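First up is the structure itself, then whatever we jot down about it.
None of the figures in this text is laboratory data; all of them are computed from the coordinates on show. Computed from a predicted model, the values in this text were never measured in an experiment. Positions of Cβ are generated from backbone atoms using ideal geometry, with glycine treated the same way; all protein chains shown enter the neighbour counts.
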Amino acid sequence: MVREMTETNLRSAFAGESQAHMRYKIFAEKAQKSGWSNVARLFNAISFTERVHSGNHFRSILTKGGFQTVSAAVFGARDTLEDLQAGIDGETFETNEMYPAYRAVAQFQGEKAAETSFKWALEAEKIHAGLYQRAKQAVDQGKDVAMGPIQICNTCGYTVEGDVPDKCPICGAPKDKFRTF
Ligand code: FE2
Ligand code: FE2
Ligand code: FE2
């Protein structure tokens, strides 16, 4: 059994990541239709990261079910500029408040697996906010964002632009665990 507070946080994080995964996919379709190919690629790459996070949280949850999950976020159609701002706001909240708090509770309760899952997510979200910020600056000026290949660790979700690292700096996974977008 996972201690109650940590498990509540895992369920909430699973719900939030699941929605972010889908929301970013929808944002990507919109960006593609609007002619922002690199912005679409960025949304798809980060969507994959959030899928990795949701899977990691899910595997740490041991209850049989019967719980509702709630997650607060934006809903509904917007333009890509607003979608990017929604991404920035969500990632910033996760970086500054949600994951540090969830991680501290898991640490306090001695829940190692959950603590690792929260820490891995936190490290990736820190990077996501900055990437969305860059994309928004470009779209603000009426341009697609200039961005090289985006590499995602399929173990922890670590996200980096450019070449695949020899080893993931967050979880230690080898090069072949990365997926390129
Ligand atoms: Fe995430
Ligand atoms: Fe993220
Ligand atoms: Fe990793």
For this session: Return, ordered by residue number, the residues of region 15-46 whose backbone nitrogen is under 11 Å from a label point located 7 Å along Cα→Cβ of Arg78.
Result: none
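Cross-link list Lys126/Lys177; Lys119/Lys143; Lys143/Lys167: which exceed 31 angstrom alpha carbon to alpha carbon?
Working: Lys126/Lys177 21 Å; Lys119/Lys143 34 Å; Lys143/Lys167 33 Å.
In this structure, Lys119/Lys143; Lys143/Lys167 lie more than 31 Å apart at Cα.
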For this session: Among Gly76, Gly16, Gly157, determine the one that fluctuates most according to a GNM of the chain built with springs between C-alpha atoms less than 10 Å apart.
Result: Gly76
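What order do you get for Val145, Val52 when you list them from fewest to most C-beta neighbours inside 10 Å? Provide the component values of the computation, followed by the final result.
Working: Val145 20, Val52 23.
With the sparsest Cβ surroundings first, the list reads Val145, Val52.
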Seminar exercise, completed: With the label point 7 Å along the Cα-to-beta-carbon line of Phe93 and a cut-off under 19 Å to each amide N, the hits in region 1-28 are 8-28
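Summing -39500 (n - 2.57) over the DSSP H runs of n ≥ 4 in the chain and dividing by its residue number, what mean residue ellipticity at 222 nm do you reach, to the nearest 500 deg cm²/dmol? Numbers along the way, then the final one.
Numbers: 5 runs with 106 residues, N = 181.
Taking each H run of at least 4 residues, the total per residue is -20500 deg cm²/dmol.
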Exercise. Considering every pair of different Cα atoms, what Kirkwood radius, in Å, is found for the chain?
Worked result: 16.6
Exercise. Modelled label-to-label distance, Lys112 and Lys126, 7 Å Cα→beta-carbon offset: nm?
Worked result: 2.3
Exercise. What whole number of Å gives the distance from the Cα centroid of region 1-35 to the Cα centroid of region 55-87?
Worked result: 3
Problem set entry | Estimated distance in nm for a label pair at Ser37 and Arg134, the labels positioned 7 Å out from Cα along Cα-to-Cβ | 1.8
Problem set entry | Angle in degrees between helix 37-59 and the longest Cα principal axis of the chain, rounded to the nearest 10 | 10
For this session: For each of Lys143, Lys177, Lys64, count neighbouring Cβ atoms within 10 Å of the residue's Cβ, then give the residues from fewest to most.
Result: Lys64, Lys143, Lys177
Problem set entry | Residues Leu131, Leu10 arranged by fewest to most Cβ contacts within 10 Å | Leu131, Leu10
Problem set entry | Simple Cβ-charge dipole of region 4-145, Lys/Arg +1 and Asp/Glu -1, about Cα centre, in debye nearest 20 | 380
For this session: Choose one of Thr69, Leu84, Val52: the residue whose Cα lies farthest towards the positive end of the charge dipole of the chain (beta-carbon charges +1 Lys, Arg; -1 Asp, Glu; about the Cα centre).
Result: Val52
